[in-house]
1. Mind ordering 15-24, 99-108 by average Cβ neighbours within 10 Å, highest first?
2. For the pair F102/V3, report the inter-label distance in nm, with labels modelled 7 Å from Cα in the Cβ direction.
3. Straight-line reach only, C-alpha to C-alpha below 22 angstrom: list the lysines that K94 could link to, leaving out same-chain residues fewer than 8 apart.
4. Can you work out the accessible area per residue across segment 60-112, with the rest of the protein chains kept in place, probe 1.4 Å, in square angstrom?
5. Taking 30 Å as R0, compute the FRET efficiency from the Cβ-Cβ separation of S88 and M37 and round it to 0.05.
Amino acid sequence: MHVLFIVLNRIDKLDDVLAIMLKAGVKGATILDSQGMGSVIATGNNDDVPMFGTLKAFFDRDHPYSKTIFTVIHNDELLENVTDMVQSYIDAEKIPNIAFMFSMPIGKIYGV
């Protein structure tokens, strides 16, 4: 078992990514509002810190917020299938920094 995380920087693509996940066989996921550290630096009032002022030029101010999707994947075949399908979509969109994803193994799940 694995947990798959997708950090979607282009939240306008959320419906597409969820549709792909459903088509791949994912039964459910949790979606959280999120914001990266770079976005906080770019939109924050921290001009008095010289390093932050310089870094602001490198961050995307047009998309300061993201969605973090995570789901438990019960087998390796499904994990490969969903990651391949999402990666194909991301590659086809040709939008820089649209998203990134990673998975981690799960030791145990507890239903409390």
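1. Details: 15-24: 15.5, 99-108: 11.8.
For the peptides 15-24, 99-108, the packing ranking is 15-24, 99-108.
2. Going from the F102 label point to the V3 one covers 1.3 nm.
3. In chain and number order, the partners are K13, K23, K67.
4. Working: 3800 Å² over 53 residues.
It amounts to 72 Å² per residue over segment 60-112.
5. On the way: r = 29 Å, r/R0 = 0.95.
Efficiency computed from Cβ-Cβ geometry: 0.55.
The values are calculated or read from the model by the stated rules, or taken from the named source; none is laboratory data. Here the structure is a predicted model, which is why all the values come from computation and not from measurement. Positions of Cβ are backbone-derived with ideal geometry, glycine not excepted, and every protein chain shown enters the neighbour counts. Just the protein is used for accessible areas: all its heavy atoms, side chains included, with ligands, DNA and RNA removed. Shrake-Rupley method; radii C 1.70, N 1.55, O 1.52, S 1.80 Å.
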